Structures are given as structure tokens and as C-alpha cells.
Amino acid sequence: MTPRRLLTPGNLLAAALVLLLLLLPQLATAFFVNFVMTQTLILGLAASTIVFLATYGGMTSLAQFLLFGVAGFMFGNAAQETGSRGLNLGWPPWVAVGFALLVTLAVAFALGAIASRTTGLYFLMLTLVYAVIGYFVFAQIVEISGPGGITSIRRPDLLGPPVRLYYAGLVLSALAYLGFRAAGRTAFGRALRGVRDDPLRMASLGFNVRLHRTLAFTLAGFVAGLSGLLNVWWNGQIDPASIATGPTLILLIIAVIGGITSFEGAWLGAFVYVWIFTYLRDLPLIDGIGITEARFNTVIGVIVLMIMVLSPEGLTGIAQRLRRRAGARTTTTPAPATGGSPSAGKRAKESGGTRT
């Protein structure tokens, strides 16, 4: 591929965005970087798993926040020492990370193997049941959590300063974005899209439809587990209420706001959600029209409704529509301003000129 082909507007915009995100800690306040943007990267990473399953597998999952929580709870149980809730295994932090991800993978594979037998609305409802069951498991089994959850969770020393957690979220988000996009071009990704479009034909061709769906669900669960680890390091605690049905639906709303068929939309939707949640109360005259922090969910609902009316593809769909219109204007060339047709000019030339 020639350098000229690489210098497309889309690639240049992506390079500028990456550069901006890398330099953001030097350009913005610590609060914006360590609270708004770090939380955006964590939620965007989790929401990208919903986009992956919906785009390539045709599976809209509400179990991603459960797997998000499984990784956080398992890390807390493994890394915490005596004196805290949970198992208090006291393992080294990176050993606890490996343990948490292995448990998350096992849970994701088991849940995916069951859910792969269903499609459409039944798949959606089954994964919602997963989320509800997961909440009660951690809320009622005090040996691994209990209602109060696990507190005073310390992140590894390597990620001690808050800005390092931001960069960790940025690196994992970039790897997940590139990995999901690359997965769609592999033989597995193409087969998964075939399963999405026509599972009966794919089965008749010899493809194991349920296995493909299960492996896709497991891969998405692994990435959700990574975001769950970032979240528990960022919060320093985790409790069953943080993985209840409310947060589960919020993650789906984030994907819908950005565009559930676009990987970029996962992080865009997360940024919009976190920005509104953080700065809504600071808008001038906002209290005068009756919008308070208690009505935050109402505001989010109105925004989702407006986006779905304007563009079912979310904010990325609106951006793509505007870009197509701008491209259509630039490629349109005006008609030549001539006083007559080319054939008339040719006849006048052949006859010796124009009569006066």
C-alpha cells in the first residue's frame, strides 16, 4: 500500500485523535483525565463487547456487565488480605489478575454455551436473566461478597498514579478496537457473520453454529473482564448494586447512543453519558427548568429517544450521514458555462466564423 493511500481523511483524523488522547494529561485538568476520560474508556471498552456481538454475531447481550463484575469480584477475593470481605486469599496482584480473567473466561464460556441455543429476543431475555442471577449470587453469598461488597481494593503498584490507569484504559481500548476490527476479517469472523445472516445454511455447510456463537460470547466476555478489572482499580471497591439491572441497561444505552453497529460508537456513547452525568448539574439555568440530578435518567431517556428518532444508527450514524453529504458537495462539479452547444460551435468554425 502506497503512502498516498494511507493519507486518507479517515486515517489522518484517527491519527490526530490518538495524538490528542496521548497528550491529554498535559492539555486538560487532572479531574477531566482521571475521572471523565478514564471512566469513558472503561465503559467504552465494556460497551464495545455489545457492539462486537451485535455486529458480527447478531446477538444483543445484556450479560456483559455481569462478566464485567465477575472479573472485579474475583480480583478482590484473590488480592485482598485478611480483614476484608470475601475469600481474602492475599495473592500477588498479577496472579489475582490471571485468576480473575480465567474465572471470567470460564463463566463466559458456560453462559455462552447455553445462550447459543437461542436467538433474537430469546437471547436478549436469557442474558438479562444471567444479569439478575449474577446480582443475587454476589448479594447473597457472603463468602465471596455479600450485600456490602468488597472494599479497599488496591491496584497493582505499576498502575499506582491515576494517570497510569488512564493510559492503561487507552491502550486496552485501542487493542480491543483493532482486535475486534481484525477479527471480522478472519475466517472465524466471516463464518460468524454467516451464522448471523443464515444459520441454517451455515449449518448445512458443516459449520458448528453453536460453537461459533459460544466462542464469540467468550471473547466478548474476556474483554468485558478487562474493563471490569480497570473499573475495580479505578473505584477501589465493588458491590452487587454496581452490577444490578440498572447498570446493565446503562451499558446497553451507551452502545445505542453511540451506535450499536459501530465500534467507534461504544466510546463515543460512553463519553456522552459520562459527560452528561458529570456536568449536567453545572449547566446554567438548568435548575430553573426542573432538571436536577435526581432526574438524570429522564434526561438520558430523552436523549436516547431523540437520537433514535434522528438516526437509529446512533451518533456515529449522524456523523456518517453528514460526512457523506459533505463529500457529495465536494465531488459535484458545475456545468461548463458556454454560450452554445459544442456541435453549434463546430459548425460555426467550419462555416468560417459567426455571422454578425
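Residues that are open to solvent by 10 Å² or more (accessible area, probe 1.4 Å) and farther than 18 Å from residue 174 by Cα: does the range 71-78 have at least one? Yes, there is a match, as at least one residue in the range 71-78 is open to solvent by 10 Å² or more (accessible area, probe 1.4 Å) and farther than 18 Å from residue 174 by Cα. When you scan the range 282-291, do you find a residue that is part of a helix (DSSP H, G or I), at pLDDT below 65, open to solvent by less than 100 Å² (accessible area, probe 1.4 Å) and on the phi < 0 side of the Ramachandran plot, even just one? Yes, the range 282-291 contains a residue that is part of a helix (DSSP H, G or I), at pLDDT below 65, open to solvent by less than 100 Å² (accessible area, probe 1.4 Å) and on the phi < 0 side of the Ramachandran plot. From the set of residues in the range 180-190 that are in contact (Cβ under 8 Å) with a residue 12 or more places away in the chain and either of a type outside the set (A, V, I, L, M, F, W, C) or in contact with a helix residue (DSSP H, G or I) (Cβ under 6 Å, 6 or more places away or on another chain) (or both), which is nearest to residue 230 (Cα to Cα)? Checking each candidate, the answer is 180. Against the test of being among the charged types (D, E, K, R) and either open to solvent by less than 60 Å² (accessible area, probe 1.4 Å) or assigned to a loop (DSSP other than H, G, I, E, B) (or both), the options 155, 164 yield a single qualifying residue, 155. Checked against (1) open to solvent by 40 Å² or more (accessible area, probe 1.4 Å); (2) of a type in the set (A, V, I, L, M); (3) more than 20 Å from residue 215 (Cα to Cα), residue 105 passes all but condition (3). Kindly establish whether residue 179 is open to solvent by less than 40 Å² (accessible area, probe 1.4 Å) and either closer than 25 Å to residue 237 by Cα or in contact with a Lys or Arg (Cβ under 6 Å, 6 or more places away or on another chain) (or both). No; evaluated as a whole, the condition is false for this residue. For the condition among the basic types (Lys, Arg), out of contact with any Phe, Trp or Tyr (no Cβ under 6 Å at 6 or more places or on another chain) and outside any helix (DSSP H, G or I), residue 117 qualifies. Within the range 161-173, not a single residue is among the small types (Gly, Ala, Ser) and free of Cβ contacts under 8 Å to residues at least 60 places away in the same chain.
Would you call residue 65 assigned to a helix (DSSP H, G or I), among the aromatic types (Phe, Trp, Tyr), touching a Phe, Trp or Tyr at 6+ places or on another chain (Cβ under 9 Å) and within 21 Å of residue 179 (Cβ to Cβ)?
No.
Against the numbered list (1) part of a helix (DSSP H, G or I); (2) closer than 17 Å to residue 134 by Cα; (3) touching a residue at least 60 places away in the same chain (Cβ under 8 Å), residue 86 comes up short only at (1). Residue check: is residue 200 at pLDDT below 95 and either in a loop (DSSP other than H, G, I, E, B) or open to solvent by 60 Å² or more (accessible area, probe 1.4 Å) (or both)? Yes.
Given the residues 55, 2, 49, which is the only one that is open to solvent by less than 60 Å² (accessible area, probe 1.4 Å), at pLDDT below 95 and of a type in the set (Val, Ile, Thr)? Of 55, 2, 49, the one residue that is open to solvent by less than 60 Å² (accessible area, probe 1.4 Å), at pLDDT below 95 and of a type in the set (Val, Ile, Thr) is 55.
Contact map, the range 312-329: residues that are polar (S, T, N, Q) paired with residues that are open to solvent by 50 Å² or more (accessible area, probe 1.4 Å) and assigned to a loop (DSSP other than H, G, I, E, B), Cβ distance under 9 Å, separation 6+ or inter-chain. Pairs shown: 316/261; 320/313.
Residues in the range 34-52 that are more than 17 Å from residue 253 (Cβ to Cβ) and over 9 Å from the mean Cα position of the chain (by Cα): 34, 35, 36, 37, 38. Looking only at the range 208-248, how many residues end up being crowded, with 20+ Cβ neighbours inside 10 Å, more than 26 Å from residue 159 (Cα to Cα), hydroxyl-bearing (Ser, Thr, Tyr) and within 19 Å of the chain's Cα centre (by Cα)? So the answer is 2.
Hey, among the residues in the range 309-322 that are of a type in the set (A, V, I, L, M, F, W, C) and open to solvent by less than 80 Å² (accessible area, probe 1.4 Å), which one's nearest to residue 257 (Cα to Cα)?
315
Candidates in the range 137-152 are the residues that are in a helix (DSSP H, G or I) and free of Cβ contacts under 8 Å to residues at least 60 places away in the same chain; of these, the one that is nearest to residue 24 (Cα to Cα) is 137.
The values are calculated or read from the model by the stated rules, or taken from the named source; none is laboratory data. The structure displayed is predicted, hence computed values, not measured ones. Heads up, the Cβs are rebuilt from the backbone with ideal geometry, glycines too, and the neighbour counts pull from every protein chain shown. With ligands, DNA and RNA removed, areas are computed over all heavy atoms of the protein, side chains included. Shrake-Rupley method; radii C 1.70, N 1.55, O 1.52, S 1.80 Å.
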